[in-house]
1. In vacuo Debye scattering of the chain, one point per C-alpha: log10 I(q)/I(0) at q = 0.12 Å⁻¹?
2. How far, in nm, would the chain grow between Q8 and R81 when pulled straight, counting 0.36 nm per residue and subtracting the alpha carbon separation?
3. Taking loop as defined by DSSP and a crowding limit of 14 other beta carbons within 10 Å, which GluC sites (Glu not before Pro) in the range 1-101 fit?
4. At 0.36 nm per residue, minus the direct Cα-Cα distance, what do A91 and S45 gain on full extension? Give it in nm, one decimal, please.
5. If you project the alpha carbons of the range 8-54 onto their three principal axes, what span does each projection cover, largest first, in Å?
6. Pull up the DSSP beta bridges for the chain and report the antiparallel fraction as a percent, rounded to 5.
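Read-outs: derived from the displayed coordinates by stated rules, not from any lab. Computed from a predicted structure; not experimentally measured. For neighbour counting, all protein chains shown are included, and Cβ atoms are generated from backbone atoms with ideal geometry for every residue, glycine included.
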Amino acid sequence: MPQVTYVQSDGTSQTIEVPLDENVMRGALYNGVEGIIGECGGGLSCATCHCYVDAEWTGRVGAPQLQEERDLLEGVAAERRPSSRLSCQIAMTAELDGLVVHVPDAQY
Ligand code: FES
């Protein structure tokens, strides 16, 4: 099963196995990762699943494909960066095994 490492702003991290066909937001929620809220359950209407994709991974994860994600990223609570993504829109694939994402300071 592919693994994702969630890094908090204080440098602590959790590495979690996230099943294929799940997404990075649910991997965090199901395993108690703080700072990823996922209020809308992945419905692309809240932006509380904001994360920063680690620089090593931005190429493989890619940019937001949906206009809805791009629009929501305009209003995230924490600083928006080029590596910003909504974690509910990052589907787990075998190619993303080892993915590292950083959790923002705020989701509201
Ligand atoms: Fe609401 Fe991702 S969980 S937009």
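1. -0.32
2. 24.7 nm
3. E34, E39, E56, E74, E79
4. Length gained, A91 through S45: 14.9 nm.
5. Over the range 8-54, Cα extents along the principal axes are 29, 23, 19 Å.
6. Beta bridges within the chain, antiparallel portion: roughly 75 percent.
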